[in-house]
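K.L.:
Got a structure for you, questions after.
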Amino acid sequence: MDDFGGALLVGGTSSDAGKSLIVAGLCRALARTGVRVAPFKAQNMSNNSVVTLDGGEIGRAQALQAFACGLEPSTRFNPVLLKPGSDRRSHVVLRGRPAGDVGAADYMRWRSRLRRVVADELAGLRRDFDVVICEGAGSVAEINLRANDIANLGLAQAARLPVLLVTDIDRGGSLAHLFGTTAVLDEKDQRLIAGYIVNKFRGDPSILEPGLQQLEEMTGRPTLGVVPFADDLWLDAEDSLAAPVGRRVGPPPGVVGPAEVAGDRLRVAAIRLPRISNSTDVESLACEPGVDVTWVDDPATVAAADLVVLPGTRATVSDLDWLRGRGLDGALRSRAARGLPIIAICGGFQMLAHTLDDSVESGRGRVPGLGLLDLDIEFRPEKTLRQVTGVAGRGPGAPTTGGCAINGYEIHHGQVTRSAEQAWIIDDRSGPEGAVRGAVRGTHWHGLLACNEFRRRLLTDVATEAGVRGFRVAPDTDVDAVRRRQVDQMADLVSEHLDLDAVRKLTDGGPPATAPIIRHRLDTR
């Protein structure tokens, strides 16, 4: 392995501890010093994904990390992606391509195959780059899953990676989390834990310092940095914990983009589906300083909003049942009847159809849709995975967006088999795409709302349809620029608050030669 570049694993004491952003910050900080760095997440479980240039599919966090490195997204960076479709089964994406479904009971038969794929991809990256920053999954202390693990300490053992543990101190109990996570591991795994990172800290670091000193005395491991809380880091959220009902999407007012635009604000209700996918579509709207976006699940809020967004889902038919069960179908029909705007994306678009024929995801066969668009959907085993370009349609539903250049990506099994509606988009390769009826718009395209000029014109149209006469869209909001600023901000935080020299020694030197072991003691009295 002498020809391999350096590497380490950033693991967590829990989900949503900030691993993804710490990795993105490390990648950006190293890249800014001229290091050829790449991200890697062996196995991700997320319904937020993007399409790579070669038509593969990876987790959105790894696409952001690639962006931080100055690289295009690649299936090499996330060889195994699990997309939950229910509480017990997940769709497997292997090296960017659909590979079947898996449940906890039959995961064993996949284990050897996935382990080989992960090992090969990491080895290839280490040959091609100076440093590979790996991201773990969930908590490294899920000892009930250790035997089959390929993303945390199973990966670290196989590749001899030093591990940095990240904890979210904003939740409380972080010192105990770091100690307990280390202590619960067996001796072989404990030896890989090289140090700790405290993330999302608020307050005076000097008050925390005595605790960190005691932690090092108890574990023999240093804390390499305390990263301050930054509430304006919010784009490309991956974990479902980042999209709870009632949460406002985006930064505090006035943080992103230009100064607040004078005039009325546009209230956007984004429906929080149980199996929501690519929830980051709505984040592009939240980049606009005059737009308030909130995750909702109740009919009253849907009825009252200026705009409703029905996002994608990994389980269209099941989430359609949920939608009806909460009475949201009636609220959407009422909006359509009153000429109030609705934007539906991918699975949300499919829900608006007259009928859905699904023998692939749910196995339910033919079921009625909401009927807000006169079209039919059929789910097919072959999955559409592609990047797309085109222009917005010129029909009556798009009075100012028509002809605007747009781009995005598609990830779906459902196909439109019949449509009597005006197309919303003209795809450069396949022609008419999506549908428009009055103020109801739908498309399979993700990423559409990140197209700056199109989004500005669309929001102007939506405000007119909703009767928000005083709304004025900002003239210069740029979603990619917001994303770039956030990645640079994370790199600045990492550079200032982490010991990067110690991190580089770990990437080059491997796990600690003599890491102390925390012994378990069972009091049987």
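The values are calculated or read from the model by the stated rules, or taken from the named source; none is laboratory data. The shown structure was predicted, so the numbers you read here are calculated from the model rather than taken from an experiment. We place every Cβ from the backbone using ideal geometry, glycine too, and count neighbours over all the protein chains shown.
K.L.:
Going residue by residue through segment 474-488, is there one that turns out to be part of a helix (DSSP H, G or I), closer than 30 Å to Val184 by Cα and at pLDDT below 95?
P.N.:
no
K.L.:
Any chance segment 84-100 includes a residue that's under 15 Å from the mean Cα position of the chain (by Cα) and either under 28 Å from Gly447 (Cα atoms) or basic (Lys, Arg) (or both)?
P.N.:
To start, the set of residues in segment 84-100 that are under 15 Å from the mean Cα position of the chain (by Cα) comprises 84.
Imposing the further condition that a residue be either under 28 Å from Gly447 (Cα atoms) or basic (Lys, Arg) (or both) reduces the set to 84.
Yes, segment 84-100 contains a residue that is under 15 Å from the mean Cα position of the chain (by Cα) and either under 28 Å from Gly447 (Cα atoms) or basic (Lys, Arg) (or both).
K.L.:
Here's something else I'd like to know. Check segment 150-167 and report whether any residue there is surrounded by 18 or more Cβ atoms within 10 Å (Cβ to Cβ), farther than 16 Å from Phe40 by Cα and touching a Lys or Arg at 6+ places or on another chain (Cβ under 7 Å).
P.N.:
So far as segment 150-167 goes, yes, one or more of its residues are surrounded by 18 or more Cβ atoms within 10 Å (Cβ to Cβ), farther than 16 Å from Phe40 by Cα and touching a Lys or Arg at 6+ places or on another chain (Cβ under 7 Å).
K.L.:
Further question: In this structure, does Glu72 turn out to be surrounded by fewer than 20 Cβ atoms within 10 Å (Cβ to Cβ), within 18 Å of the chain's Cα centre (by Cα) and closer than 26 Å to Gly312 by Cβ? Before the answer, list the steps.
P.N.:
Working: surrounded by fewer than 20 Cβ atoms within 10 Å (Cβ to Cβ): yes; within 18 Å of the chain's Cα centre (by Cα): yes; closer than 26 Å to Gly312 by Cβ: yes.
So Glu72 passes the test.
K.L.:
Out of Asp508, Asp461, Asp492, I need the residue that is of a type in the set (D, E, K, R), closer than 30 Å to Arg221 by Cα, surrounded by fewer than 21 Cβ atoms within 10 Å (Cβ to Cβ) and outside the structural domain of Phe179 (by TED's automatic domain parsing). Which one? Before you say what the answer is, go through the steps one by one.
P.N.:
Numbers: Asp461 fails: closer than 30 Å to Arg221 by Cα; Asp492 fails: outside the structural domain of Phe179 (by TED's automatic domain parsing).
Result: Asp508 is the single residue among Asp508, Asp461, Asp492 that is of a type in the set (D, E, K, R), closer than 30 Å to Arg221 by Cα, surrounded by fewer than 21 Cβ atoms within 10 Å (Cβ to Cβ) and outside the structural domain of Phe179 (by TED's automatic domain parsing).
K.L.:
Would you mind finding the one in Leu458, Leu449 that is of a type in the set (A, V, I, L, M, F, W, C) and within 30 Å of Val23 (Cα to Cα)?
P.N.:
Numbers: Leu458 fails: within 30 Å of Val23 (Cα to Cα).
Of the residues listed, the single one that is of a type in the set (A, V, I, L, M, F, W, C) and within 30 Å of Val23 (Cα to Cα) is Leu449.
K.L.:
Do you know which residues across segment 10-56 are touching a Phe, Trp or Tyr at 6+ places or on another chain (Cβ under 9 Å) and either surrounded by fewer than 22 Cβ atoms within 10 Å (Cβ to Cβ) or in the same structural domain as Tyr409 (by TED's automatic domain parsing) (or both)?
P.N.:
Listed by number, the residues that qualify are Val35, Arg36.
K.L.:
Sticking with this one: Could you check Pro73 against (1) assigned to a strand (DSSP E or B); (2) at pLDDT 95 or above; (3) more than 30 Å from Gln190 (Cα to Cα) and say which number it fails?
P.N.:
(1)
K.L.:
Now for a different question. Here are some conditions: (1) closer than 29 Å to Asp281 by Cβ; (2) at pLDDT 90 or above; (3) not in a strand (DSSP E or B). Gly124 meets all but one. Which one does it not meet?
P.N.:
(1)
K.L.:
Which condition number does Ala513 fail, the rest of (1) surrounded by fewer than 18 Cβ atoms within 10 Å (Cβ to Cβ); (2) under 19 Å from Leu30 (Cβ atoms); (3) among the aliphatic types (A, V, I, L, M) being met?
P.N.:
Of the numbered conditions (1) surrounded by fewer than 18 Cβ atoms within 10 Å (Cβ to Cβ); (2) under 19 Å from Leu30 (Cβ atoms); (3) among the aliphatic types (A, V, I, L, M), the odd one out for Ala513 is (2).
K.L.:
While we're looking at this one, here's another question. If the requirement is being in contact (Cβ under 8 Å) with a residue 60 or more places away in the chain, of a type in the set (Val, Ile, Thr) and part of a strand (DSSP E or B), which of these qualifies: Ile133, Ile150?
P.N.:
Values: Ile150 fails: part of a strand (DSSP E or B).
Exactly one residue qualifies, and that residue is Ile133.
K.L.:
Would you please name the residue that is farthest from Pro73 (Cα to Cα), looking only at residues in segment 372-414 that are polar (S, T, N, Q) and under 30 Å from the mean Cα position of the chain (by Cα)? Break it down into steps so the answer makes sense when it comes.
P.N.:
Of all residues in segment 372-414, those polar (S, T, N, Q) come to 384, 387, 389, 400-401, 407.
With under 30 Å from the mean Cα position of the chain (by Cα) added as a condition, the list becomes 384, 387, 389, 401, 407.
Details: Thr384: 18, Gln387: 12, Thr389: 17, Thr401: 29, Asn407: 16 Å.
Top of the filtered list is Thr401.
K.L.:
Continuing with this model, one more query. Of these, Thr313, Thr355, which one is in contact with a Leu (Cβ under 6 Å, 6 or more places away or on another chain) and under 18 Å from Asp376 (Cα atoms)? Can you show your working first?
P.N.:
Working: Thr355 fails: in contact with a Leu (Cβ under 6 Å, 6 or more places away or on another chain).
Testing whether each residue is in contact with a Leu (Cβ under 6 Å, 6 or more places away or on another chain) and under 18 Å from Asp376 (Cα atoms) leaves just Thr313.
K.L.:
Still on this structure, I have one more. For segment 253-371, please list each of the strands (runs of 3 or more DSSP E) lying entirely inside it that holds at least 3 residues being surrounded by 24 or more Cβ atoms within 10 Å (Cβ to Cβ) and touching a strand residue (DSSP E or B) at 6+ places or on another chain (Cβ under 8 Å).
P.N.:
Details: elements: 266-271, 291-296, 307-310, 342-345, 355-358, 365-368.
Where strands (runs of 3 or more DSSP E) fall fully within segment 253-371 and carry at least 3 residues being surrounded by 24 or more Cβ atoms within 10 Å (Cβ to Cβ) and touching a strand residue (DSSP E or B) at 6+ places or on another chain (Cβ under 8 Å), they are 266-271, 307-310, 342-345.
K.L.:
Return the residue satisfying two criteria in turn: it lies in segment 101-149 and is more than 20 Å from Gln62 (Cβ to Cβ) and of a type in the set (Ser, Thr, Tyr), and of such residues it is surrounded by the most Cβ atoms within 10 Å (Cβ to Cβ).
P.N.:
Restricting to residues being more than 20 Å from Gln62 (Cβ to Cβ) and of a type in the set (Ser, Thr, Tyr), the top hit is Tyr107.
K.L.:
If you don't mind, another one. Given the criteria surrounded by 21 or more Cβ atoms within 10 Å (Cβ to Cβ) and assigned to a helix (DSSP H, G or I), does Leu175 qualify?
P.N.:
Working: surrounded by 21 or more Cβ atoms within 10 Å (Cβ to Cβ): no; assigned to a helix (DSSP H, G or I): yes.
Criteria not met by Leu175.
K.L.:
Is it the case, given these coordinates, that Thr417 is part of a strand (DSSP E or B), in the same structural domain as Ala435 (by TED's automatic domain parsing), more than 29 Å from the chain's Cα centre (by Cα) and among the polar types (S, T, N, Q)? Break it down stepwise before answering.
P.N.:
Values: part of a strand (DSSP E or B): yes; in the same structural domain as Ala435 (by TED's automatic domain parsing): yes; more than 29 Å from the chain's Cα centre (by Cα): yes; among the polar types (S, T, N, Q): yes.
Against the criterion (part of a strand (DSSP E or B), in the same structural domain as Ala435 (by TED's automatic domain parsing), more than 29 Å from the chain's Cα centre (by Cα) and among the polar types (S, T, N, Q)), Thr417 qualifies.
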